[in-house]
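S.K.: Take a look at the following structure, please.
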Amino acid sequence: MVWTTVAVTALVVAGYLVGLRSPWSAHHPQVVSGTASRVAADVPVATFTTEGGEDVWFALEDVVWRSGEETGDDTVPPCLRESGVRVEVEVGLLEVTRPFGSGSYPHVLSVTCR
């Protein structure tokens, strides 16, 4: 009985770990290259355009960022402080399932200034 319990517990843990790494899991952000631009100086919002041409809008103060050796959060990334200037960035995107309706949408988690 004890060995059966240990074996079942090990299988459950192994299944959970494999499930987290599966391509169908939305737990791992995808790093995507493209360009970003701040919309307006008084609004902390930017638009990110992937190399494939898809646009994603995001709040600048809601992302973790890295620029050279500097990192931060709750602030605007240094490369996006000036509005209207397109800069090359890498963005961490997470596909989020819509709570109502079908489908999903990309959510920006991080910005790396290049």
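Nothing in this text is a laboratory measurement; each read-out follows from the coordinates by a stated rule. Here the structure is a predicted model, which means the values were calculated and not measured. All Cβ positions, glycine included, derive from the backbone under ideal geometry; neighbour counts span all protein chains shown.
S.K.: Under 7 Å by Cβ, and 6 or more places apart or on different chains, what pairs join a residue from the range 67-88 that is among the aromatic types (Phe, Trp, Tyr) with one that is assigned to a loop (DSSP other than H, G, I, E, B) and surrounded by 12 or more Cβ atoms within 10 Å (Cβ to Cβ)?
M.R.: Taking only residues 6 or more apart or on different chains, not a single pair turns up.
S.K.: Are there any pairs, at least 6 apart or on different chains, whose C-beta atoms fall under 7 Å, with the first in the range 94-106 and over 19 Å from Val32 (Cβ atoms) and the second assigned to a strand (DSSP E or B) and of a type outside the set (S, T, N, Q), and if so, which?
M.R.: Listed pairs, sorted by first residue: Arg98/Tyr105.
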